[in-house]
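Working notes for the structure below.
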There are 2 protein chains.
Amino acid sequence: VPGYLRGQTDRLELTDRGLAYGDGLFETMALRDGRIRLLELHLQRLAEGCARLQIPAPDQTELRAQLAASAAECPNGTLKLILTRGSGPRGYAPPERPEPTLILSVHPRADVPGSRRSEVDAVTLRLRLGENPELAGIKHLCRLEQVMAQLELKQRRADEGLLLSMSGKVIGGTSSNLFAVFGRQIRTPLIAAAGIRGVMRRAVLDACVGGGLRAAEVDMSRDELLAADEVFLTNALIGIRSVASLDGQAFPERGTSLHLRRLLGLDEHG
Amino acid sequence: VPGYLRGQTDRLELTDRGLAYGDGLFETMALRDGRIRLLELHLQRLAEGCARLQIPAPDQTELRAQLAASAAECPNGTLKLILTRGSGPRGYAPPERPEPTLILSVHPRADVPGSRRSEVDAVTLRLRLGENPELAGIKHLCRLEQVMAQLELKQRRADEGLLLSMSGKVIGGTSSNLFAVFGRQIRTPLIAAAGIRGVMRRAVLDACVGGGLRAAEVDMSRDELLAADEVFLTNALIGIRSVASLDGQAFPERGTSLHLRRLLGLDEHG
């Protein structure tokens, strides 16, 4: 079992609100040669999530020390962090003074789902993501939509699923953000009402600025996406992965994703 | 600590998908004189949830025996059931053969949040509920919206919050369904895109049929609701609770809720 609970026991109280209500956050971090890739971006998003959900943020010095200790145990792989609002009495109302639960676990690199494919054929899933600006962007624990998306994807002949929101906006893959290249313009969905603002998405946007590429966060329909020259997916573990086709339509270009991989020091396996 | 894990240990594996993704269901049942009120309706909803989420349903004979044993430990109070898809490897994709986790806990009656108010003054919350027909109706574990609603309610001067969906439809209270009476017509929101179809809601609708009352499940806006003569909330624990006012506007009638309480054998404390 890869899981352990730093500073506590290796099992969770049954009254933990993370279990009861999905009342918490998580981060999934790539371990490369003993370092946590994009650590600062992960910590920023976690802090934003704590602020949005009104969960007390963990002490930063202590958290960094615990993350470093975890990374030392598994130099190449995945470090998963779960932070819940902690235990509480029954009922949706949070306790006045929550005592958050922090769970860190490490997973060897072979455990990365689908890590062997360097590009993917995708289909648009029938499932749509509910829209709620109050919860969009942060990586909270309520992920049944993504679970249902994976169940649907299993029934389809495709490597990856494209998820739209209820109002028909492109959001991304089942566990990734999406970029589309139109001529010299790079666009990624705004992630204002559904989806997660990924750390690799942020790193790519920053790299575009640094590399003199034109990038914009915009709403995008599936029809608009199908007019792209190049499409790629990003997340903290896979890095940048090209989309070879969507619903049978091929995207011929690879130049921008190759360029961005070089700028970010990524290989095709993430 | 009121929690225990029947047939297993008293703590949860850290790899449980209920914690990781809210990948599971729950039921909150009223224990009255050693019996589980509305047990059949709870079991029906749980079965519907299992079918919708493709979680293997627990063996019914075994489940009933475990519920009965729990009820015997706490004749008057609350019996909470959590059923998750069980442990699995990291990633949203469920394991091929899930082994669900069943958690039962009993809570003495005094633990019912807000159980002492026989009627409530409500305000419309700013937070809206995301809409997703794939997940609406069932009592899944992804309840951050309800947690955020409680955080907002704490800042408002009111006993209870009214929740609308993103498209402006009335859904219910923060943990209850809503009924509104217009003359001799009883209406309750459809619960097709957001919210939970409560067991007490079902029991009230059934009692209306049995008692010759006209009841309908319909979409309803806040403006339409404000035109009601009588409004009440329902859930498995509170039974039927009158709404004295919404956003300062009083609802004068109590006749239908009193009649329904008698039909269902409920008192004003649920």
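Points worth noting:
- Residue count for region A:53-65 under the criterion of being crowded, with 17+ Cβ neighbours inside 10 Å and in a helix (DSSP H, G or I): the result is 2.
- Region B:80-92, residues that are outside any loop (DSSP other than H, G, I, E, B) and either among the hydroxyl-bearing types (Ser, Thr, Tyr) or on the phi > 0 side of the Ramachandran plot (or both): B:THR84, B:SER87
- Test result for B:SER176, in contact (Cβ under 8 Å) with a residue 60 or more places away in the chain and either on the phi < 0 side of the Ramachandran plot or not hydrophobic (A, V, I, L, M, F, W, C) (or both): yes
- Single match in B:GLU13, B:GLU27 (criterion: within 13 Å of another protein chain (Cβ to nearest Cβ), at pLDDT below 95 and buried (at least 17 other Cβ atoms within 10 Å of the Cβ)): B:GLU13
- B:GLU160 vs. criteria at the interface with chain A (Cβ under 7 Å from one of its Cβ atoms), surrounded by 20 or more Cβ atoms within 10 Å (Cβ to Cβ) and out of contact with any Phe, Trp or Tyr (no Cβ under 7 Å at 6 or more places or on another chain): no
- The set of residues in region A:131-175 being closer than 20 Å to A:THR188 by Cβ and among the basic types (Lys, Arg) consists of A:LYS139, A:LYS169.
- Matching residues, region A:131-148, being more than 7 Å from chain B (Cβ to nearest Cβ) and either more than 15 Å from the chain's Cα centre (by Cα) or aliphatic (A, V, I, L, M) (or both): A:PRO133, A:ALA136, A:ILE138
- Taking the numbered list (1) over 28 Å from B:ASP229 (Cβ atoms); (2) touching a Ser or Thr at 6+ places or on another chain (Cβ under 9 Å) in turn, B:ASN132 passes all entries but (2).
- Among the residues of region A:65-90, those identified as touching a helix residue (DSSP H, G or I) at 6+ places or on another chain (Cβ under 8 Å) and not hydrophobic (A, V, I, L, M, F, W, C) are A:ASN76, A:GLY77, A:THR78, A:THR84, A:ARG85, A:GLY86, A:SER87, A:GLY88, A:PRO89, A:ARG90.
- Among the residues listed as B:LEU67, B:LEU39, B:LEU63, the single one being free of Cβ contacts under 8 Å to residues at least 40 places away in the same chain, within 15 Å of the chain's Cα centre (by Cα) and more than 12 Å from every other protein chain (Cβ to nearest Cβ): B:LEU39
- Scanning region A:50-79 for residues that are in contact with a Lys or Arg (Cβ under 6 Å, 6 or more places away or on another chain) and either more than 28 Å from A:ASP33 (Cα to Cα) or at pLDDT 95 or above (or both) yields one hit, A:ILE55.
- Filtered residues of region B:47-60 (kept if of a type in the set (Gly, Ala, Ser) and more than 12 Å from every other protein chain (Cβ to nearest Cβ)): B:ALA47, B:ALA51, B:ALA57
- Residue count for region B:202-251 under the criterion of being charged (D, E, K, R) and in contact with an Asp or Glu (Cβ under 9 Å, 6 or more places away or on another chain): the result is 4.
- Annotation note: Cβ proximity below 6 Å between a residue of region B:224-238 that is without any contact (Cβ under 8 Å) to a residue 40 or more places away in the chain and a residue that is surrounded by 24 or more Cβ atoms within 10 Å (Cβ to Cβ) (sequence gap 6+ or interchain) occurs for no pair.
- Being buried (at least 18 other Cβ atoms within 10 Å of the Cβ), at positive phi and within 11 Å of chain B (Cβ to nearest Cβ) is true of A:GLY77.
- Search result, residues across region A:137-194 that are β-branched (Val, Ile, Thr) and more than 23 Å from A:GLN249 (Cβ to Cβ): A:ILE138, A:VAL147, A:ILE191
- Scope region A:129-139; condition crowded, with 21+ Cβ neighbours inside 10 Å and out of contact with any Asp or Glu (no Cβ under 8 Å at 6 or more places or on another chain); matching residues: A:ALA136
- Selection from region A:231-270 of residues that are within 21 Å of the chain's Cα centre (by Cα) and of a type in the set (Asp, Glu): A:ASP267, A:GLU268
- Selection status of B:GLN185, more than 20 Å from B:GLY239 (Cα to Cα), more than 14 Å from chain A (Cβ to nearest Cβ), polar (S, T, N, Q) and surrounded by fewer than 24 Cβ atoms within 10 Å (Cβ to Cβ): yes
Residue-by-condition table, conditions (1) basic (Lys, Arg); (2) modelled with pLDDT under 95; (3) in contact with a Gly (Cβ under 7 Å, 6 or more places away or on another chain):
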site: A:GLY86; (1), (2), (3): no, yes, no
site: A:ALA93; (1), (2), (3): no, no, no
site: A:ARG109; (1), (2), (3): yes, yes, yes
site: A:GLY114; (1), (2), (3): no, yes, no
site: A:VAL123; (1), (2), (3): no, no, yes
site: A:ALA136; (1), (2), (3): no, no, yes
site: A:ARG143; (1), (2), (3): yes, no, yes
site: A:LEU163; (1), (2), (3): no, no, yes
site: A:ILE171; (1), (2), (3): no, no, yes
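The values are calculated or read from the model by the stated rules, or taken from the named source; none is laboratory data. Everything numeric in this text was worked out from a predicted model, so none of it was measured. Cβ coordinates were reconstructed from backbone atoms using ideal geometry, including for glycine residues, and neighbour counts include every protein chain displayed.
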